[in-house]
Amino acid sequence: MRGIGAWTVEMFLIFRLGRPDVLPIHDLGVKKGWSIAYGKKHMPKPRELLAFGERWRPYRTVASWYMWRAFERAGYAATNRIRAAKTRALRKAE
């Protein structure tokens with residue numbers, strides 16, 4: 001179906017099917033929450049978050065809830081300072 005992507009599927013698996021081991025690696029709240037929880041100044045790339053999330057297996061959904069909560073508690077003032085992960089194109093331009 002058009003408009004159904006990885007993020008939508010991950011949210012469906014978590015909130016409708018109740019799967020305990022889903023890590024939404026493209027979710028902005030999870031990425032910013034990870035940055036807050038682990039004291040980073042950048043958001044992780046999806047691959048980085050996926051590799052880091054292996055330590056939370058088989059309860060990656062619960063870890064996602066904690067990342068969302070960290071993002072929520074930190075507030076927008078703190079989370080707006082978190083930078084996006086650098087891409088190769090940006091590194092070449094610097």
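Which of the following values of log10 I(q)/I(0) by the Debye sum over Cα atoms at q = 0.11, 0.21, 0.24 Å⁻¹ was calculated from the structure shown: (1) -0.45, -1.24, -1.39; (2) -0.34, -1.05, -1.22; (3) -0.28, -1.04, -1.32?
(2)
Quick one: which of 16-22, 27-33 comes out on top by average Cβ neighbours within 10 Å, and what's the full order, highest first?
With the highest mean Cβ count within 10 Å placed first, the list reads 27-33, 16-22.
Starting from the amide H of residue 42, placed 1.01 Å from N in the peptide plane, find each other amide H under 5 Å away whose residue is 5 or more places distant or on another chain.
83
Would you order 47, 69 from fewest to most other beta-carbon atoms within 10 Å of each residue's own beta-carbon?
So the residues, fewest neighbours to most, are 47, 69.
Restricting to Cα pairs below 8 Å that are 6+ residues apart, what does the relative contact order work out to for the range 6-93? Please round to a whole percent.
Averaging sequence separation for qualifying contacts and normalising by length gives 34 percent for the range 6-93.
Suppose we flag chymotrypsin sites (Phe, Trp or Tyr not before Pro) only when DSSP calls them loop and at most 15 other Cβ atoms lie within 10 Å. Which is the longest uninterrupted stretch of the chain?
Between the exposed loop sites, the longest stretch runs 1-37.
Where does each of 36, 4 land when they are ranked from fewest to most other beta-carbon atoms within 10 angstrom?
Neighbour counts put them in this order, fewest first: 4, 36.
No lab work stands behind these numbers, since they all come straight from the coordinates. None of the values given here were measured: they were computed from a predicted structure. Heads up, the Cβs are rebuilt from the backbone with ideal geometry, glycines too, and the neighbour counts pull from every protein chain shown.
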